[in-house]
Amino acid sequence: MNVLANTDPAANAGPCESPGTAAEASPRAHLPHDLPIFLVGMMGAGKTTIGRGLARALGREFIDLDHELEARCGVRVPVIFEIEGEGGFRKREAAALDHCTQRCGIVLATGGGAVLAPENRRLLRERGVVVYLRASLDELVRRTSRDRNRPLLANPDPRGTLCDLMSKREPLYEEVADLVVETGTMPVSHLVKSLLPLLQAYEKNP
(Lines give C-alpha, C1' and ligand atoms only; values in the text may rest on other atoms or scores of the structure.)
Protein backbone atom coordinates (compact mmCIF):
# COMPACT_ATOMS: atom_id res chain seq x y z
CA MET A 1 0.00 0.00 0.00
CA ASN A 2 1.24 3.45 -0.88
CA VAL A 3 1.81 5.97 1.90
CA LEU A 4 0.94 9.60 1.24
CA ALA A 5 3.44 11.90 2.92
CA ASN A 6 2.17 15.43 3.45
CA THR A 7 5.27 17.60 3.63
CA ASP A 8 3.53 20.95 3.54
CA PRO A 9 5.18 23.24 6.14
CA ALA A 10 1.78 24.00 7.59
CA ALA A 11 0.98 20.34 8.20
CA ASN A 12 1.87 18.36 11.34
CA ALA A 13 4.64 17.35 11.34
CA GLY A 14 19.54 -10.08 -0.35
CA PRO A 15 23.08 -10.03 -1.69
CA CYS A 16 23.86 -6.91 -3.66
CA GLU A 17 26.77 -5.28 -5.42
CA SER A 18 28.92 -2.91 -3.41
CA PRO A 19 27.70 0.70 -3.72
CA GLY A 20 31.17 2.17 -3.59
CA THR A 21 32.25 5.00 -1.34
CA ALA A 22 29.37 7.21 -0.22
CA ALA A 23 29.67 10.90 0.41
CA GLU A 24 29.99 11.72 4.08
CA ALA A 25 27.34 13.89 5.71
CA SER A 26 27.29 15.27 9.21
CA PRO A 27 25.24 14.37 11.09
CA ARG A 28 24.30 11.22 9.17
CA ALA A 29 20.89 9.62 9.37
CA HIS A 30 20.59 5.85 9.26
CA LEU A 31 18.04 3.51 7.76
CA PRO A 32 17.35 0.02 9.18
CA HIS A 33 18.30 -1.53 5.82
CA ASP A 34 20.61 -1.00 2.86
CA LEU A 35 17.89 -1.21 0.21
CA PRO A 36 18.42 1.28 -2.58
CA ILE A 37 16.08 4.28 -2.68
CA PHE A 38 14.58 5.06 -6.08
CA LEU A 39 13.12 8.49 -6.81
CA VAL A 40 10.46 8.68 -9.52
CA GLY A 41 8.38 11.57 -10.82
CA MET A 42 7.93 14.02 -13.63
CA MET A 43 10.74 16.06 -15.12
CA GLY A 44 11.12 19.10 -12.90
CA ALA A 45 9.81 17.31 -9.80
CA GLY A 46 13.20 17.71 -8.08
CA LYS A 47 14.52 14.14 -8.27
CA THR A 48 18.15 15.14 -8.83
CA THR A 49 18.25 18.01 -6.33
CA ILE A 50 16.35 16.15 -3.62
CA GLY A 51 18.24 12.96 -4.38
CA ARG A 52 21.59 14.64 -3.80
CA GLY A 53 20.37 16.10 -0.51
CA LEU A 54 18.95 12.78 0.63
CA ALA A 55 22.14 10.92 -0.28
CA ARG A 56 24.23 13.43 1.70
CA ALA A 57 21.96 13.07 4.72
CA LEU A 58 22.23 9.28 4.60
CA GLY A 59 25.91 9.09 3.66
CA ARG A 60 24.96 7.19 0.51
CA GLU A 61 26.13 7.30 -3.06
CA PHE A 62 23.87 9.30 -5.40
CA ILE A 63 23.28 8.27 -9.00
CA ASP A 64 21.32 10.21 -11.60
CA LEU A 65 20.13 7.77 -14.27
CA ASP A 66 20.27 10.36 -17.07
CA HIS A 67 23.83 11.29 -16.11
CA GLU A 68 24.72 7.60 -16.01
CA LEU A 69 23.39 7.25 -19.56
CA GLU A 70 25.34 10.29 -20.72
CA ALA A 71 28.54 8.89 -19.22
CA ARG A 72 27.98 5.58 -21.01
CA CYS A 73 27.17 7.17 -24.37
CA GLY A 74 29.54 10.13 -24.21
CA VAL A 75 26.82 12.58 -25.32
CA ARG A 76 23.95 14.49 -23.72
CA VAL A 77 20.41 13.10 -23.54
CA PRO A 78 19.06 15.41 -26.31
CA VAL A 79 21.73 14.06 -28.67
CA ILE A 80 20.71 10.47 -27.90
CA PHE A 81 17.11 11.41 -28.68
CA GLU A 82 18.15 13.14 -31.89
CA ILE A 83 20.25 10.22 -33.17
CA GLU A 84 18.28 7.21 -31.93
CA GLY A 85 14.81 8.61 -31.22
CA GLU A 86 12.87 8.04 -28.02
CA GLY A 87 12.71 4.28 -28.66
CA GLY A 88 16.50 3.98 -28.78
CA PHE A 89 16.85 6.14 -25.70
CA ARG A 90 14.37 4.00 -23.75
CA LYS A 91 16.30 0.82 -24.57
CA ARG A 92 19.51 2.34 -23.24
CA GLU A 93 17.64 3.69 -20.22
CA ALA A 94 16.24 0.22 -19.42
CA ALA A 95 19.70 -1.36 -19.55
CA ALA A 96 21.16 1.31 -17.26
CA LEU A 97 18.21 1.00 -14.87
CA ASP A 98 18.65 -2.78 -14.64
CA HIS A 99 22.33 -2.31 -13.76
CA CYS A 100 21.87 0.50 -11.24
CA THR A 101 18.92 -1.02 -9.38
CA GLN A 102 21.06 -4.02 -8.40
CA ARG A 103 23.24 -1.84 -6.18
CA CYS A 104 22.58 -1.61 -2.45
CA GLY A 105 22.92 1.53 -0.38
CA ILE A 106 22.36 4.10 -3.14
CA VAL A 107 19.90 6.88 -3.90
CA LEU A 108 18.89 6.71 -7.57
CA ALA A 109 17.09 9.51 -9.40
CA THR A 110 15.32 7.97 -12.39
CA GLY A 111 14.27 9.71 -15.57
CA GLY A 112 10.70 10.91 -15.84
CA GLY A 113 9.82 8.26 -18.42
CA ALA A 114 11.62 5.33 -16.79
CA VAL A 115 8.29 3.97 -15.48
CA LEU A 116 6.83 3.58 -18.97
CA ALA A 117 8.23 0.08 -19.52
CA PRO A 118 6.53 -2.67 -17.47
CA GLU A 119 9.87 -4.40 -16.86
CA ASN A 120 11.34 -1.18 -15.44
CA ARG A 121 8.38 -0.85 -13.08
CA ARG A 122 8.87 -4.44 -11.93
CA LEU A 123 12.54 -3.86 -11.17
CA LEU A 124 11.81 -0.67 -9.24
CA ARG A 125 9.09 -2.34 -7.15
CA GLU A 126 11.12 -5.47 -6.39
CA ARG A 127 14.60 -4.08 -5.77
CA GLY A 128 14.22 -1.05 -3.53
CA VAL A 129 12.09 1.59 -1.83
CA VAL A 130 10.35 3.82 -4.38
CA VAL A 131 9.56 7.44 -3.54
CA TYR A 132 7.27 9.33 -5.89
CA LEU A 133 8.07 13.06 -5.83
CA ARG A 134 4.87 14.76 -6.91
CA ALA A 135 4.55 18.38 -8.02
CA SER A 136 1.74 20.45 -9.54
CA LEU A 137 1.63 21.26 -13.24
CA ASP A 138 2.28 24.95 -12.55
CA GLU A 139 5.34 24.09 -10.48
CA LEU A 140 6.67 21.74 -13.17
CA VAL A 141 6.21 24.41 -15.85
CA ARG A 142 8.05 26.96 -13.71
CA ARG A 143 10.95 24.63 -12.96
CA THR A 144 11.47 23.44 -16.53
CA SER A 145 10.87 26.73 -18.36
CA ARG A 146 14.57 27.58 -18.75
CA ASP A 147 15.91 24.03 -19.06
CA ARG A 148 17.11 23.28 -22.61
CA ASN A 149 18.07 19.70 -21.77
CA ARG A 150 14.48 18.41 -22.05
CA PRO A 151 13.97 17.05 -25.59
CA LEU A 152 10.30 16.17 -25.01
CA LEU A 153 9.59 19.82 -24.16
CA ALA A 154 11.33 21.24 -27.24
CA ASN A 155 8.07 22.31 -28.89
CA PRO A 156 5.77 25.37 -29.04
CA ASP A 157 3.53 24.14 -26.19
CA PRO A 158 5.67 22.71 -23.37
CA ARG A 159 2.87 23.24 -20.82
CA GLY A 160 0.47 21.18 -22.92
CA THR A 161 3.13 18.50 -23.30
CA LEU A 162 3.71 18.37 -19.54
CA CYS A 163 -0.03 18.12 -18.92
CA ASP A 164 -0.33 15.23 -21.38
CA LEU A 165 2.70 13.44 -19.92
CA MET A 166 1.34 13.86 -16.38
CA SER A 167 -2.00 12.31 -17.30
CA LYS A 168 -0.25 9.26 -18.77
CA ARG A 169 2.54 8.83 -16.23
CA GLU A 170 0.99 9.70 -12.88
CA PRO A 171 -0.87 6.35 -12.57
CA LEU A 172 2.43 4.56 -13.27
CA TYR A 173 4.28 6.55 -10.61
CA GLU A 174 1.54 5.72 -8.12
CA GLU A 175 1.67 2.05 -9.14
CA VAL A 176 5.34 1.67 -8.18
CA ALA A 177 5.46 4.08 -5.23
CA ASP A 178 6.03 2.98 -1.66
CA LEU A 179 5.96 6.60 -0.49
CA VAL A 180 4.41 9.65 -2.15
CA VAL A 181 5.82 13.07 -1.30
CA GLU A 182 4.39 16.42 -2.36
CA THR A 183 7.40 18.59 -3.15
CA GLY A 184 5.60 21.94 -3.40
CA THR A 185 7.75 24.98 -2.66
CA MET A 186 9.39 23.65 0.50
CA PRO A 187 13.19 24.17 0.60
CA VAL A 188 15.09 21.03 -0.30
CA SER A 189 16.77 20.80 3.10
CA HIS A 190 13.39 20.87 4.87
CA LEU A 191 11.90 18.33 2.49
CA VAL A 192 14.81 15.94 3.01
CA LYS A 193 14.52 16.36 6.77
CA SER A 194 10.81 15.49 6.66
CA LEU A 195 11.41 12.53 4.35
CA LEU A 196 14.04 10.84 6.53
CA PRO A 197 11.69 9.65 9.33
CA LEU A 198 9.25 8.30 6.73
CA LEU A 199 12.04 6.22 5.21
CA GLN A 200 13.23 5.09 8.62
CA ALA A 201 9.74 3.94 9.61
CA TYR A 202 8.81 2.32 6.30
CA GLU A 203 9.00 -1.47 6.05
CA LYS A 204 9.18 -2.95 2.56
CA ASN A 205 6.92 -5.97 2.15
CA PRO A 206 8.64 -8.93 0.44
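Details
- Number of the exception - VAL75 against (1) in contact with a strand residue (DSSP E or B) (Cβ under 6 Å, 6 or more places away or on another chain); (2) assigned to a loop (DSSP other than H, G, I, E, B): (1)
- Index of the failed condition, VAL180 passing every other in (1) within 16 Å of the chain's Cα centre (by Cα); (2) aliphatic (A, V, I, L, M); (3) more than 13 Å from LYS47 (Cβ to Cβ); (4) not in a strand (DSSP E or B): (4)
- For the residues LEU140, LEU124, the requirement of being in a helix (DSSP H, G or I), open to solvent by less than 20 Å² (accessible area, probe 1.4 Å), under 21 Å from VAL181 (Cβ atoms) and modelled with pLDDT under 90 singles out LEU140.
- Count of the range 168-188 residues, restricted to those that are of a type in the set (S, T, N, Q) and modelled with pLDDT of 95 or more, is 0.
- Qualifying residue in the range 68-78 (condition: open to solvent by less than 20 Å² (accessible area, probe 1.4 Å) and either more than 23 Å from VAL176 (Cα to Cα) or modelled with pLDDT under 95 (or both)): yes
- Within this structure, PHE38 fails the test of being open to solvent by 20 Å² or more (accessible area, probe 1.4 Å), touching a helix residue (DSSP H, G or I) at 6+ places or on another chain (Cβ under 6 Å) and not hydroxyl-bearing (Ser, Thr, Tyr).
The values are calculated or read from the model by the stated rules, or taken from the named source; none is laboratory data. These numbers come from a predicted model, not from an experiment. Note that each Cβ is placed from the backbone with ideal geometry, even for glycine, and that neighbours are counted across all protein chains shown. Protein only, heavy atoms only, side chains kept; ligands, DNA and RNA dropped before computing areas. Shrake-Rupley method; radii C 1.70, N 1.55, O 1.52, S 1.80 Å.
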